[in-house]
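The values are calculated or read from the model by the stated rules, or taken from the named source; none is laboratory data. Since we're looking at a predicted model, the values are computed, not measured. Here the Cβ is made from the backbone with ideal geometry for all residues, glycine too, and neighbour counts use every protein chain on show.
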Amino acid sequence: MSLEYHILGAAGRDNALLVYVHGGDALARVLFDCGDGCLAGLPFAEISRIDELFFSHLHMDHIGGFDAFFRCNYDRTLRPNRIWGPPGSARILQHRFQGFLWNLTDAKSTAWEVAEVHPDRVARTRFRLNEHFAAAHPANDGPRAPLLSTPHYTVEAVALDHLTVSLGYIIRERPRRNIEVSRLAARGLKPGSWLRTVKEAPAETVIDVDGKSLTVGALRALLLVEQPGEAVAYLTDFRLDAATLDALTPQLYGCKALVCECAYRAADAELATRNAHLTAPQAAEIAVAAGVGTLVLIHLSDRCPPDERPEILADAPAICPHTVFPRDWKR
Ligand SMILES: [Zn+2]
Ligand SMILES: [Zn+2]
């Protein structure tokens with residue numbers, strides 16, 4: 001298993017985060033935000049395999065590229081079509097769904113779900129392609145925590161103050177279970193294909209190992225060690241105060257990377273707070289407080305000329321040494 005992340009978009013333009021969760025035979029693709037042009041470098045087939053789309057909030061610079069996503073997936077039936085966002089997302093997304101002529105799709109059964117993340121629950125609303133997305137069908141509420149839980153990963157959300165709710169997200173691999181080779185040798189057991197059964201089969205399965213019949217559960221207790229999975233956090237468009245820092249720190253525990261906005265230069269800290277955005281040193285403060293490995297700065301203002309961008313990066317390393325711009329960015 002591993003967790004791989006790519007920043008989409010460009011410096012000074014809209015950005016998004018695409019995470020790949022590699023889990024044995026399965027590969028999950030999870031997209032966070034979808035600003036203008038963010039999907040431009042991705043093949044049609046790749047966009048059509050995105051499993052989940054999470055919006056931080058629905059300001060134009062985070063949803064401007066949604067049509068490219070919807071163009072690939074509007075009639076998709078091979079995967080669930082689910083979009084997550086803060087309260088109010090269903091109303092805005094319904095407008096996006098309805099922004100096209102749908103006179104040739106009445107035979108298609110595709111459904112879309114918008115999952116709004118409220119403080120105490122997830123409110124779900126469904127829309128149907130063969131109804132031209134005209135009706136909003138309320139569905140059963142879902143739990144707020146865990147927000148999303150799959151066999152290979154989980155996603156948690158934290159509500160941030162952007163003069164509206166902006167949702168930060170943490171995507172976390174399930175704990176990894178590996179065979180401890182020294183334990184194998186200590187018991188005189190020879191490695192073989194039976195080890196795969198130990199990792200994957202139900203605990204009550206009985207298998208034969210070196211002439212002895214043992215349950216998978218017993219072998220797991222003897223041989224497996226569990227390590228935490230990797231995690232990546234995505235935080236954008238919010239103001240930082242002491243209470244927010246306190247709330248974020250435990251949530252970000254164990255993240256190998258924090259992908260975080262820095263819309264303003266350090267010199268513009270007052271303006272950043274007034275407009276509910278961050279500076280690079282504030283992003284670095286969060287990364288250091290939470291012990292995050294790498295801070296990846298995104299969402300640079302287009303008001304900052306390219307030759308001044310290194311100054312933004314220079315603001316943060318004194319606080320968080322492992323601060324970078326995305327390696328995926330086109331310069
Ligand atoms: Zn915003
Ligand atoms: Zn923004």
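Is it true that Glu156 is in contact (Cβ under 8 Å) with a residue 12 or more places away in the chain, out of contact with any Leu (no Cβ under 7 Å at 6 or more places or on another chain), part of a strand (DSSP E or B) and among the charged types (D, E, K, R)? Show your work before the answer.
On the way: in contact (Cβ under 8 Å) with a residue 12 or more places away in the chain: yes; out of contact with any Leu (no Cβ under 7 Å at 6 or more places or on another chain): no; part of a strand (DSSP E or B): yes; among the charged types (D, E, K, R): yes.
Considered against the rule, which asks whether it is in contact (Cβ under 8 Å) with a residue 12 or more places away in the chain, out of contact with any Leu (no Cβ under 7 Å at 6 or more places or on another chain), part of a strand (DSSP E or B) and among the charged types (D, E, K, R), Glu156 comes out as no.
List pairs: first residue in the range 60-78 and at pLDDT 95 or above, second residue in a helix (DSSP H, G or I) and within 16 Å of ligand 2 (Cβ to nearest atom) anywhere in the structure, Cβ distance under 8 angstrom, at least six positions apart or on different chains.
So the pair list comes out as Ile63/Ile92.
Read through the list (1) within 16 Å of ligand 2 (Cβ to nearest atom); (2) at negative phi, then give the number of the only condition that Thr110 fails.
(1)
Name the residue, out of Val181, Val155, that is more than 16 Å from ligand 2 (Cβ to nearest atom), surrounded by fewer than 13 Cβ atoms within 10 Å (Cβ to Cβ) and aliphatic (A, V, I, L, M).
Result: Val181 is the single residue among Val181, Val155 that is more than 16 Å from ligand 2 (Cβ to nearest atom), surrounded by fewer than 13 Cβ atoms within 10 Å (Cβ to Cβ) and aliphatic (A, V, I, L, M).
This table checks each residue for (1) more than 16 Å from ligand 2 (Cβ to nearest atom); (2) part of a loop (DSSP other than H, G, I, E, B); (3) farther than 22 Å from Ile170 by Cβ.
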position: Pro202; (1), (2), (3): yes, yes, yes
position: Ile207; (1), (2), (3): yes, no, yes
position: Gly217; (1), (2), (3): yes, no, yes
position: Leu258; (1), (2), (3): yes, no, no
position: Glu285; (1), (2), (3): yes, no, no
position: Leu297; (1), (2), (3): no, no, no
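Checking Pro87 against (1) away from ligand 1 (no atom under 16 Å from the Cβ); (2) surrounded by fewer than 22 Cβ atoms within 10 Å (Cβ to Cβ), only one condition comes out false. Which one?
Exception for Pro87: condition (1).
Within the range 1-110, considering only helices (runs of 4 or more DSSP H) that don't extend past its boundaries, which have at least 2 residues that are in contact with a strand residue (DSSP E or B) (Cβ under 7 Å, 6 or more places away or on another chain) and farther than 30 Å from Leu295 by Cβ?
So the answer is 89-97.
Name the one entry in Leu53, Leu39, Leu93, Leu148 that is more than 16 Å from ligand 2 (Cβ to nearest atom), touching a residue at least 60 places away in the same chain (Cβ under 8 Å), crowded, with 16+ Cβ neighbours inside 10 Å and not acidic (Asp, Glu).
Leu148
If the Cβ limit is 7 Å and pairs must be 6+ apart or interchain, which residue in the range 235-252 that is aliphatic (A, V, I, L, M) pairs with which residue that is in a loop (DSSP other than H, G, I, E, B)?
Leu240/Leu278; Leu252/Val292
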